[in-house]
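One structure below.
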Amino acid sequence: MNSQVLWEGFPETVLVTYGSKLNYLINAPYYQWWRFITPMFVHINLPHLLVNMYSLWMVGPYVEKLYGSAKFVVFWVATGIMGVVASYLTVRPDLATSSLSRFLFRGTDVPSAGASGALFGLVGVLFVFGIKFRHELPEGFKRAFGTGMLPIIFINLFIGYVGRGFIDNAAHLGGLLSGAALALAVEYRRPGERTSVAVAWRVLQASALVIVVAGFYKVVRNFNRPIPPSAQQLVSAKQQVFLNFVDAMNLLQDQVSRVVHNNDSSQVEAVTQKVLQTPPPDSRAAELRDQLLGILAKLTASGNQVQKDQNLPNELNTWQKDYIEWFKGARNGN
């Protein structure tokens, strides 16, 4: 692998293969549900990974010390998934119509990956924790948590607005809000916590890890399978087949014209081979191609036969009308 890819970004096919989020793969008929889980462990490039891991190193230990390792794991996985869900729900081309709306909504379904949704979730936890327990915190902690987190939140949202073309702000907000909701509902770790509560969180921790393992198990199972094309890709491929076929048929019609008007059959073999190598977009197109090749074969069998065979001009005219009718229908269908 070229090391430059590590800095500039992995190809889209690599990101999708390793589990990044793509809405159309989550939707019917593919139902790749694990793409709600795996994107938080996939990163676009090395700087993306390093920035997120540095942020985790700065924020993560506070959450783990306050709530314990079991709750930390649950918070990380839950807010990461909620960030992906928010990203999934905001791929809305009909709403991404202005600079402001594009901060939240996306106009195209492109791969989304990274741990930033879960990181924002941890920030949301610390923000609500600082407000919820502000009377119990020392002064230093009050400045670091609660309203002290607001500058970090606003700076990151501003960066998200500036980079709204490539930053998934919906994932950030989904993680932030879900982290805040968890902190509202969950008590932080205090001495003498009841064993039953601790056991329940250990069960949730194990469940979260099982979900992650299940997600990557599905990635491994599908690793060598081709990535299904999206509806847009199918339409684009269909249009390209149509355009290639029309170009080939134009060459064939030009060749027929040269034979009829100039008795020039020097390129007949090359043109015929080119046309036969170009896939037709439908059965009617193949039928029309074969008809015109048949007419060309008659013309070149023993010289230009138009003057001798009065049926050939009528056959050409009929073919031309049929081809134009097919062309209009096929063009509108594409």
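A short reminder: the numbers here are calculations on the coordinates, not readings from a lab. Owing to the predicted nature of the structure, the values given are computational and were not obtained by experimental measurement. All Cβ positions, glycine included, derive from the backbone under ideal geometry; neighbour counts span all protein chains shown.
By how many degrees, 0 to 90 and rounded to 10, does the Cα axis of helix 231-262 deviate from the longest principal axis of the chain?
Once rounded, the angle reads 20 degrees.
Hey, fewest Cβ within 10 Å first, where do Tyr188, Tyr67 land in order?
Tyr188, Tyr67
In sequence order, what are the phi-derived ³J(HN,Hα) couplings for segment 87-96 according to the Karplus relation 6.51 cos²θ - 1.76 cosθ + 1.60 with θ = phi - 60°, rounded to whole Hz, with x for glycine and proline?
4, 4, 6, 9, 7, 9, x, 6, 9, 7
Looking at Phe245, Ala78, Ala214, which one has the Cα that reaches farthest to the positive end of the dipole of the chain (charges on Cβ: Lys, Arg +1; Asp, Glu -1)?
Comparing the listed Cα positions along the dipole, Ala78 ranks first.
Just the Cα atoms of segment 1-51, one point each, no solvent: what log10 I(q)/I(0) does Debye give at q = 0.18, 0.21 Å⁻¹?
So the normalised log intensities work out to -0.59, -0.74.
How many lysine pairs in segment 4-221, separated by 8 or more positions in sequence or lying on different chains, have Cα atoms less than 21 Å apart? If you can, show how the numbers build up before the last one.
Numbers: Lys21/Lys218; Lys65/Lys132; Lys65/Lys142; Lys71/Lys132; Lys132/Lys142.
Going through segment 4-221 pair by pair, I get 5.
For the chain, what does -39500 (n - 2.57) per DSSP helix run (n ≥ 4), summed and divided by total residues, give at 222 nm, in deg cm²/dmol to the nearest 500?
Dividing the helical sum by the residues of the chain leaves -22000 deg cm²/dmol.
Farthest toward the dipole's positive end in the chain, which of Pro111, Pro280, Phe127, given Cβ charges of +1 (Lys, Arg) and -1 (Asp, Glu) about the Cα centre?
The Cα lying farthest towards the positive end belongs to Phe127.
Taking the square root of 5 times each eigenvalue of the Cα gyration tensor, what semi-axes in Å does the equivalent ellipsoid of segment 1-106 have, largest first? If you can, show how the numbers build up before the last one.
Values: eigenvalues 127, 80, 51 Å².
So the equivalent ellipsoid measures 25, 20, 16 Å along its semi-axes.
Binning at 20 Å from 0, report for the chain what percent of all alpha-carbon pair distances ends up in each bin.
The distribution over the chain is 24, 36, 21, 14, 5, 0, given as percents.
I need Lys274, Lys328 ordered by Cβ neighbour count within 10 Å, fewest first. Let's see the in-between values first.
Working: Lys274 15, Lys328 10.
Taking fewest neighbouring Cβ atoms as first place, the list is Lys328, Lys274.
Starting from 0.36 nm per residue, how many nanometres of slack lie between Val51 and Asn314 once their C-alpha separation is accounted for?
Contour length minus Cα-Cα distance gives 87.4 nm.
So if each residue of separation counts as 0.36 nm, and I subtract the Cα-Cα distance between Leu184 and Leu204, what length gain in nm does that give? It would help to have the intermediate numbers written out before the result.
Working: separation 20, 0.36 × 20 = 7.20 nm, distance 1.77 nm.
Difference between extended and current length: 5.4 nm.
Taking the Cα centre of the chain as origin and charging only Cβ (+1 Lys, Arg; -1 Asp, Glu), how large is the dipole, in debye to the nearest 20?
1360 debye
Using the count of nearby Cβ atoms within 10 Å as a rough guide to exposure, how do Phe327, Phe129, Phe36 rank from fewest to most?
Values: Phe327 16, Phe129 25, Phe36 20.
The order, fewest Cβ neighbours first, is Phe327, Phe36, Phe129.
What's the extension gain from Ala144 to Asn244 if we count 0.36 nm per residue and subtract their Cα-Cα distance? Intermediate values should be presented prior to the final figure.
Numbers: separation 100, 0.36 × 100 = 36.00 nm, distance 6.25 nm.
Here the answer is 29.7 nm.
Take the Cβ-Cβ distance between Ile131 and Tyr217 as r, set R0 to 25 Å, and report the resulting FRET efficiency rounded to the nearest 0.05.
E(calc), rounded to 0.05, equals 0.05.
Assuming R0 = 35 Å, what is the FRET efficiency of Asp264 and Thr108, from their Cβ-Cβ distance, to the nearest 0.05?
Values: r = 49 Å, r/R0 = 1.39.
E between Asp264 and Thr108, to the nearest 0.05, is 0.10.
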